[in-house]
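Student: Encoded as structure tokens, here's the structure I'll be asking about.
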Amino acid sequence: MRRHLAWAALAAVACGSGSSGATNPTNGNGTGGNPNPSPVTAAISVMDFAFAPATTSIKAGQAVKWTNDGASAHTATADGGAWNSGQMAGSSSGGAYGGMTSGGSYSFTFTSAGTYPYHCANHAQMTGTITVTP
């Protein structure tokens, strides 16, 4: 039994993914790919054709997670192209039995201070701003 545990631990270390220090997106729809994402420090709800809150402040090195809590598909897309969530599916009502399931989500870690305006590529009126401080 000990040998099996030792081999399992060795396999986990050998197959583990180290962090290169690069910022990569993670997408709750199963695409994207930061193997060691930063803990989410700000959450933004995407619902009723708006980002809530529309303005968010974080420190460099922290992550923001957008979750689609509405019925329509949306994106969280940086105006300058720094990130793009792709389509985040809308939530589902669960039909006649209730039990709403949340829609798609997307996380992004901000490594540099600055102001990052963003929008929904599907709905031009949906805008927001992330302010990152050192």
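Student: Modelling each spin label as a point 7 Å along the Cα-to-Cβ direction, I'd like the Phe49/Ser112 distance in nm, to one decimal.
Tutor: Rounded to a tenth, the inter-label distance reads 3.4 nm.
Student: Could you order the peptides 112-120, 53-61 from most to least packed, using the average number of other C-beta atoms within 10 Å per residue?
Tutor: Packing proxy ranking, top to bottom: 112-120, 53-61.
Student: Which far-off residues, 5 or more places away or on another chain, put their amide H under 5 Å from the one on Ile44, with H placed in the peptide plane?
Tutor: Close amide H contacts, sequence-distant or interchain: Lys65, Trp66, Thr67.
Student: Next question, about the same structure. Each residue of the stretch 110-124 in order: what ³J(HN,Hα) in whole Hz does its phi give by Karplus 6.51 cos²θ - 1.76 cosθ + 1.60, θ = phi - 60°, with x for Gly and Pro?
Tutor: Running phi through 6.51 cos²θ - 1.76 cosθ + 1.60 with θ = phi - 60° gives 9, 9, 10, 5, x, 10, 10, x, 8, 8, 9, 5, 8, 9, 4 Hz.
Student: Additional query: Calculate one ³J(HN,Hα) per residue across the stretch 104-109 by plugging θ = phi - 60° into the Karplus curve 6.51 cos²θ - 1.76 cosθ + 1.60, and present them in order as whole Hz with x for glycine and proline.
Tutor: After applying 6.51 cos²θ - 1.76 cosθ + 1.60, I find x, 9, 8, 10, 9, 9 Hz.
Student: Report the label-to-label distance for Ala121 and Ala82 in nanometres (one decimal), using points 7 Å from each Cα along the Cα→Cβ vector.
Tutor: 1.8
Student: Search the structure for amide H atoms under 5 Å from the amide H of Gln62, placed 1.01 Å from N in the peptide plane, and list their residues when 5 or more places away or on another chain.
Tutor: Hits under the 5 Å cutoff: Phe110.
Student: How large is ³J(HN,Hα), in whole Hz, for each residue of the stretch 67-80 in order, when computed from phi with the Karplus curve 6.51 cos²θ - 1.76 cosθ + 1.60 and θ = phi - 60°, using x for Gly and Pro?
Tutor: Couplings: 10, 7, 9, x, 8, 8, 6, 9, 10, 10, 10, 5, 4, x Hz.
Student: While we're here: List the residues, sorted by chain then number, that are 5 or more residues from Asn122 or on another chain and whose placed amide H is less than 5 Å from its amide H.
Tutor: Amide H neighbours of Asn122: Thr75.
Since every read-out is calculated from the coordinates, none of them should be taken as a lab result. All of these numbers come straight from a predicted model, not from anything done at the bench. Note: ideal-geometry Cβ built from the backbone for every residue, glycine included; neighbour counts use all protein chains shown.
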